[in-house]
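What follows is calculated from the coordinates using simple rules that are stated; it is not laboratory data. On a predicted model such as this, the values are computed, not experimentally measured, just so you know. With ideal geometry, Cβ positions are generated from the backbone for all residues, glycine too; neighbour counts draw on all protein chains shown.
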Amino acid sequence: MKKTILSILFIAASMFFSMPASTYCADAKAHFIKGTQLLKNGRLDEAILALTHAIRQRPYFADAYVNRGLAYYEKGEIERATDDLSAAIELDQENETAHNNLGLIYFEQGEHQKAVSHLETALELSGNNAETHAIIYQNLTCLYESTAEEGSATEIRDRLASLLDEGRKGKLQEGRSFGQPIKGYSKVLIIPGSR
C-alpha cells in the first residue's frame, strides 16, 4: 500500500524516586525539548531515547508520547507509533494532535471508520484555531475522497476554502493538493510551550 504522508496539525526509575518533584519534572521537560528538536532534525533514534527518558521521569507526559509516536512512525514502526498515540489519548483525551496523528495512521492502514472518528474528534478539540482546522479539514477531505464519499469531501473542502477566504492565508498552508494529507512538523509535533 502506498505510504501516506502524515500530518499535523509534534518523557531512571531510581532517579525518579530520589529527586524532588520539581527536579524530575524539569528533567522530563528538558528531555522532551531535546527529543523534539532531535525529531525535527530527523535524528529519530536519539529522539526516541530522549523522549523515552522524559516518559520514564514523568509517566503521565502525554505530549512526549505524541512526539515519540511520531518518531516511531517516521522509522516505520507503526505498531509502536499506534501504541504511543493511544497512550497519549488515554492520558489526555483532549489531545487533538494525538487524535489527528492516530487518525492518519488508521487511514493509512485502511481502517477508515477509526480514522474518521479520530479526525473528527481532533477537529472538535481544536477550538477556534483556523490553522489547525485547515489541516484537519484537509486530512478529512483526503480520507473522504479516498473512500468515495464525495459529498463529505466537498463539504469539508468548502469549509477549508472558507477558512482561506477569511483572510488567514498568511497562516495557513496553501497550494497543497487534496490528494494527500499535509505534512508539517509544526503541526505534527507538540512544540514545547505551544500548549
DSSP-assigned coil residues among chymotrypsin sites (Phe, Trp or Tyr not before Pro) in the stretch 45-134, each with at most 16 further Cβ atoms within 10 Å: Y60
Label-point separation in nm, E124 to E111, each point 7 Å along Cα→Cβ: 1.9 nm
Listed peptides 51-59, 95-103 by packing density, highest first (mean Cβ within 10 Å): 95-103, 51-59
Hydrodynamic radius (Kirkwood) for the stretch 61-134, which is based on Cα pairs only, to one decimal in Å: 12.0 Å
